[in-house]
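**Q** If you scroll down you'll find the structure; I have some questions about it.
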Amino acid sequence: MQILKNFYEKYINSKKVAPYIFVSPFIIVFLVFYLYPMISTIIMSFQEIGFGDPEFVGLANYKKLFNVHYKNALLTSTNYTFWTILILVPLPIILAVLLNSDKTKFTNFFRSSIFMPALTSVIVAGMFFRYAFGEQASTLANSIIGVFGLEPITWLQNSIPAMIALVVLCVWRWMGVNIIYFLSGLQSIPEEIYEAADIDGASSWDKFKYITIPSLKPVIIYVITISVFGGYKMFAESYAYWQTATPNDIGMTIVSYIYQTGFNNFNMGFASAIGITLLLIVLIVNVIQLNLFGLFKKGEQ
Amino acid sequence: MKKSLLILLVSSMLLIFTFSAAAETTLTFWTFQELHQQFLEKEVARWNENNPDDVINLETTVYPYDQMHNKLLIALQSGVGAPDIADIEISKFANYLKGSNPQLVSLNDVVEPNMDQMIEARFANYAKNGNYYGVPYHVGATVMYYNMEMMDAAGVNIDEIVTWDDFVEAGKKVKAATDKPMTTVEVTEHWTLYPMISQIGSDIFAEDGSVILDNEKNERVLSFIDDMVHESEIAVPAPGGFHHSEEYWNFMNNEGAASLMMPLWYMGRFVQYMPDLKDKIAIRPLPVWDEGGNRSAGMGGTGTVVTIQSEQQQLAKEFLAEAKLSVEASHKLWTELGFDPVRWEVWDDPIMSEPNQYTEYFRNEDIFGMLLEIRDEINPTMVTEKYPSAIDLLKKNVSFKVIKEQSHTPAEALEEAAAELRQ
């Protein structure tokens, strides 16, 4: 017993060891579910894998990247990320400002109803949107454009309408979440600043431009950063619309391409190589983006 | 006292448990098609009647198509979690044969004894290095479904449609009389282009495995489809892009087009999804390309496999052979599923010509009799390791770029796909 107690006092309960014990659940999860798969993906990206022993093939999988499907997937993912960020940053800011204003009525109702879509499953929502964007004149999307006198569109077989369908689904789902981020940002801006601006005779637009936006900058950077990740890793929306075969790759994202290569065509090595490039792309895009906003400079000062 | 009673109770329960386990063997079965589940469950009942000493309890799980194939692939790759028996669709089958060590059980000892009475080509689709790994359900003869009301309205006699050129001429009459297209073509799946390629005597791959997708015959086929849509305008791209979309059921059920080319197993889709067309549809062989040419093509299919993770491999194999290849099973494949069985020995049996739910729906009195006429007019198709990618390209790119987007000529689209397959 004495030995056990000594052991406990000396190691487990010491200031040096205890912190590691507390963080160990996270470390273990990280090692098993993140680091190990990452390393094995890197190894697999140099292999040809079938049933039987995997075979090392050097850079062959990376050489295959120079094909038109990869280019299409990269373009689709980049386009999608660009449009979702272009819509899902300014629009939620405006809505958040409106919801935060004392003059707006029923704010709680609006807040919860805008947030509701985020709670639905992508596949269920995707089924709904899949039918809404059907090609008959009677579908939801075609009825709406019919009001403006436009001909019915084959939404999911043309590249621009297909991108609209993807972005609409994304905006519908994530609008509420982004509004919540911006609302919490708005609520942390001290009321005194606005009062001081009022005394100086600032207009509403001036206040928005010179107080609200600069104060929201950290939130905006955060939202853009996670949107870049979200945009590039998008898969479920595309799957809901087209399952696995998108005609002429119009809705095929990088992750859809990984899925098709790895599972549908059982080319795990090549799929791993695509996965590694996705990691690098997202890293690079985010570093550029954070640099533009001057996040790193702040650290240097 | 109490303790001994408890021991007695537990041991007797254990005894009952082991006894019942010995008498009944559970086999797990994964499929993506509910019809296959219903069929095999009936076959289990028949097996259990005939083999009281070897009773099988079949536990079936029906997954969506994609999910089932992925789950099975991962289970076989990782070595745990696979079922005893599974259905694998033909366009995915090559994935499971990749590498030096397939995780499927060779079925030669149960299928070879009767091979001389069956169509070997359908087994060859699921074979590697002389081992048969899958048991097929059907031949999948491709046929033409005509809406007779619309044909009559246009004054077309379908038995006079002999060549594809006749078909186009008939289509013009239908178009003039009803203002509706003669037929629909798939642009996001392969059930229009591929059967026609096979029918004309070509294929995606040659017998040695080299890519022949861009040969002259295939270009002729694709140009013909393209002309039906854009020149003579007797065909339209299928609403929804393919013949299994929700839009399409609705369109066809409302007599959106006057005819349709699909394999025989599509009969079930008519019965299930297009109830309003009952008594209006007649089935005929395909028009030919050139005089004396083939009037059909064997398309699609699913191979049922036994995995090496099964602890009851022998029983599973014997059950599969009985449930899918025996004479009784072959009869039922026809009467219940409307599948043309691979065991040609039974094709002349009287039961095949008797009325059933399909003869009730369609105008033909003897659907199987018509199949007998075209039984020798079906070319085998070549399946290689690149088959899944090839089907992917046919689905996604080839017809779509030519017919829907009109961004490529038939030759360009075929060359592009062939070049990718040759890499």
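The values are calculated or read from the model by the stated rules, or taken from the named source; none is laboratory data. Computed from a prediction, not measured in an experiment: that's the story for all the values here. Heads up, the Cβs are rebuilt from the backbone with ideal geometry, glycines too, and the neighbour counts pull from every protein chain shown. The area values use the complete protein model at the heavy-atom level, side chains included, leaving out ligands, DNA and RNA. Shrake-Rupley method; radii C 1.70, N 1.55, O 1.52, S 1.80 Å.
**Q** Tell me, yes or no, whether the stretch B:58-69 has at least one residue that is in contact (Cβ under 8 Å) with a residue 60 or more places away in the chain, open to solvent by less than 50 Å² (accessible area, probe 1.4 Å) and touching a Leu at 6+ places or on another chain (Cβ under 8 Å).
**A** Start the filter on the stretch B:58-69 by keeping residues that are in contact (Cβ under 8 Å) with a residue 60 or more places away in the chain, which leaves none.
No, there is no match, as no residue in the stretch B:58-69 is in contact (Cβ under 8 Å) with a residue 60 or more places away in the chain, open to solvent by less than 50 Å² (accessible area, probe 1.4 Å) and touching a Leu at 6+ places or on another chain (Cβ under 8 Å).
**Q** With (1) open to solvent by 70 Å² or more (accessible area, probe 1.4 Å); (2) in the same structural domain as residue A:214 (by TED's automatic domain parsing); (3) under 30 Å from residue A:249 (Cβ atoms) as the list, and residue A:94 as the residue in question, which single condition is left unmet?
**A** Condition (3) is where residue A:94 drops out.
**Q** Kindly provide the set of residues from the stretch B:376-390 that are more than 9 Å from chain A (Cβ to nearest Cβ) and out of contact with any Gly (no Cβ under 9 Å at 6 or more places or on another chain), ordered by number.
**A** B:376, B:383, B:387, B:390 - these are the residues of the stretch B:376-390 that are more than 9 Å from chain A (Cβ to nearest Cβ) and out of contact with any Gly (no Cβ under 9 Å at 6 or more places or on another chain).
**Q** With respect to residue A:266, determine if the residue is open to solvent by less than 20 Å² (accessible area, probe 1.4 Å), within 14 Å of chain B (Cβ to nearest Cβ) and either within 16 Å of the chain's Cα centre (by Cα) or at positive phi (or both).
**A** Values: open to solvent by less than 20 Å² (accessible area, probe 1.4 Å): yes; within 14 Å of chain B (Cβ to nearest Cβ): yes; either within 16 Å of the chain's Cα centre (by Cα) or at positive phi (or both): yes.
Here the answer is yes, as residue A:266 does meet what is asked.
**Q** Output the residue which, of all residues in the stretch B:73-101 that are in contact with a helix residue (DSSP H, G or I) (Cβ under 9 Å, 6 or more places away or on another chain), facing chain A (nearest Cβ under 10 Å) and closer than 18 Å to residue B:136 by Cα, is surrounded by the most Cβ atoms within 10 Å (Cβ to Cβ).
**A** Taking the stretch B:73-101 first, the residues in contact with a helix residue (DSSP H, G or I) (Cβ under 9 Å, 6 or more places away or on another chain) are B:73-74, B:76-77, B:81-96.
This time we only want the ones that are facing chain A (nearest Cβ under 10 Å), so: B:73-74, B:76-77, B:91-92, B:94-96.
Among the residues that remain, those that are also closer than 18 Å to residue B:136 by Cα are: B:91-92, B:94-96.
Details: B:91: 22, B:92: 25, B:94: 23, B:95: 24, B:96: 27.
Per the criteria, the residue is B:96.
**Q** Can you tell me how many residues in the stretch A:245-271 are out of contact with any Gly (no Cβ under 6 Å at 6 or more places or on another chain), in a helix (DSSP H, G or I) and more than 22 Å from residue A:228 (Cβ to Cβ)? Walk me through it before giving the result.
**A** Just the residues of the stretch A:245-271 that are out of contact with any Gly (no Cβ under 6 Å at 6 or more places or on another chain), to begin with: A:245-257, A:259-267, A:269-270.
With in a helix (DSSP H, G or I) added as a condition, the list becomes A:247-249, A:254-257, A:259-264, A:269-270.
Retained after the next criterion (residues that are more than 22 Å from residue A:228 (Cβ to Cβ)): A:247-248, A:260-264, A:269-270.
Count: 9.
**Q** Within the stretch B:348-388, can you find the residues that are within 28 Å of residue B:128 (Cβ to Cβ) and more than 18 Å from the chain's Cα centre (by Cα)?
**A** Of the stretch B:348-388, the ones within 28 Å of residue B:128 (Cβ to Cβ) are B:375-388.
Within the stretch B:348-388, B:376, B:385, B:386 meet the criteria.
**Q** Mind checking which pairs have a first residue in the stretch B:335-357 that is at positive phi and a second that is in a loop (DSSP other than H, G, I, E, B) and surrounded by fewer than 17 Cβ atoms within 10 Å (Cβ to Cβ), Cβ under 9 Å, 6 or more apart or different chains?
**A** What qualifies is B:338/B:356.
**Q** Separate question: Give me the residue from the stretch B:166-177 that is free of Cβ contacts under 8 Å to residues at least 40 places away in the same chain and not basic (Lys, Arg) and, out of that set, least open to solvent (accessible area, probe 1.4 Å).
**A** Taking the stretch B:166-177 as the starting set, the residues that turn out to be free of Cβ contacts under 8 Å to residues at least 40 places away in the same chain are B:169-170, B:173, B:176-177.
This time we only want the ones that are not basic (Lys, Arg), so: B:169-170, B:176-177.
On the way: B:169: 102, B:170: 8, B:176: 88, B:177: 59 Å².
Among those that are free of Cβ contacts under 8 Å to residues at least 40 places away in the same chain and not basic (Lys, Arg), it is B:170.
**Q** If the requirement is being farther than 26 Å from residue A:250 by Cβ and either among the hydroxyl-bearing types (Ser, Thr, Tyr) or within 14 Å of chain B (Cβ to nearest Cβ) (or both), which of these qualifies: A:112, A:121? Give the derivation first.
**A** On the way: A:121 fails: farther than 26 Å from residue A:250 by Cβ.
When all the criteria are applied, what remains is A:112.
**Q** Sticking with this one: Tell me which of these residue A:77 doesn't satisfy, since it passes every other one: (1) in the same structural domain as residue A:249 (by TED's automatic domain parsing); (2) farther than 24 Å from residue A:244 by Cβ; (3) among the polar types (S, T, N, Q).
**A** Tallying (1) in the same structural domain as residue A:249 (by TED's automatic domain parsing); (2) farther than 24 Å from residue A:244 by Cβ; (3) among the polar types (S, T, N, Q), residue A:77 fails exactly one: (2).
**Q** Of the residues B:360, B:354, B:345, B:365, only one is more than 14 Å from every other protein chain (Cβ to nearest Cβ) and over 30 Å from residue B:275 (Cα atoms); which?
**A** Working: B:360 fails: over 30 Å from residue B:275 (Cα atoms); B:354 fails: over 30 Å from residue B:275 (Cα atoms); B:365 fails: over 30 Å from residue B:275 (Cα atoms).
Matching residue, one of B:360, B:354, B:345, B:365: B:345.
**Q** Taking only pairs six or more apart or across chains, which ones have beta-carbon atoms under 6 Å, a first residue in the stretch B:99-115 that is among the aliphatic types (A, V, I, L, M), and a second residue that is assigned to a loop (DSSP other than H, G, I, E, B) and open to solvent by less than 30 Å² (accessible area, probe 1.4 Å)?
**A** Sorted first by the residue in the stretch B:99-115, then by its partner, the pairs are B:104/B:133.
**Q** Another question, if that's okay. Go through the stretch A:136-170 and report how many residues are under 17 Å from residue B:187 (Cα atoms) and not in a helix (DSSP H, G or I). Quick ask: steps written out before the conclusion?
**A** The initial filter retains those residues of the stretch A:136-170 that are under 17 Å from residue B:187 (Cα atoms), namely A:136, A:153-159, A:162.
Still in the running and not in a helix (DSSP H, G or I): A:136, A:153-154, A:158.
Counting residues in the stretch A:136-170 that are under 17 Å from residue B:187 (Cα atoms) and not in a helix (DSSP H, G or I) gives 4.
**Q** Then there is this: Looking only at the stretch A:23-59, how many residues end up being open to solvent by less than 80 Å² (accessible area, probe 1.4 Å), assigned to a loop (DSSP other than H, G, I, E, B) and either within 14 Å of chain B (Cβ to nearest Cβ) or within 25 Å of residue A:12 (Cβ to Cβ) (or both)?
**A** 6
**Q** Show the residue pairs meeting these rules: Cβ distance below 6 Å; 6+ apart or different chains; first residue within the stretch A:275-295 and closer than 20 Å to residue A:62 by Cβ; second residue part of a helix (DSSP H, G or I) and among the polar types (S, T, N, Q).
**A** Hits for this filter: A:275/A:41.
**Q** Of the residues B:298, B:303, which single one is in contact (Cβ under 8 Å) with a residue 60 or more places away in the chain, away from every other protein chain (no Cβ under 14 Å), more than 21 Å from residue B:369 (Cβ to Cβ) and surrounded by 23 or more Cβ atoms within 10 Å (Cβ to Cβ)?
**A** Numbers: B:298 fails: more than 21 Å from residue B:369 (Cβ to Cβ).
Criteria check complete, one pass: B:303.
**Q** Right, next: For the stretch B:398-423, enumerate the residues that are open to solvent by 10 Å² or more (accessible area, probe 1.4 Å) and at the interface with chain A (Cβ under 9 Å from one of its Cβ atoms).
**A** Quick first cut of the stretch B:398-423, residues open to solvent by 10 Å² or more (accessible area, probe 1.4 Å) only: B:401, B:404-412, B:415-416, B:419-420, B:422-423.
If the condition is that a residue be open to solvent by 10 Å² or more (accessible area, probe 1.4 Å) and at the interface with chain A (Cβ under 9 Å from one of its Cβ atoms), then B:401, B:404, B:405, B:407, B:416, B:420, B:423 are the ones that fit.
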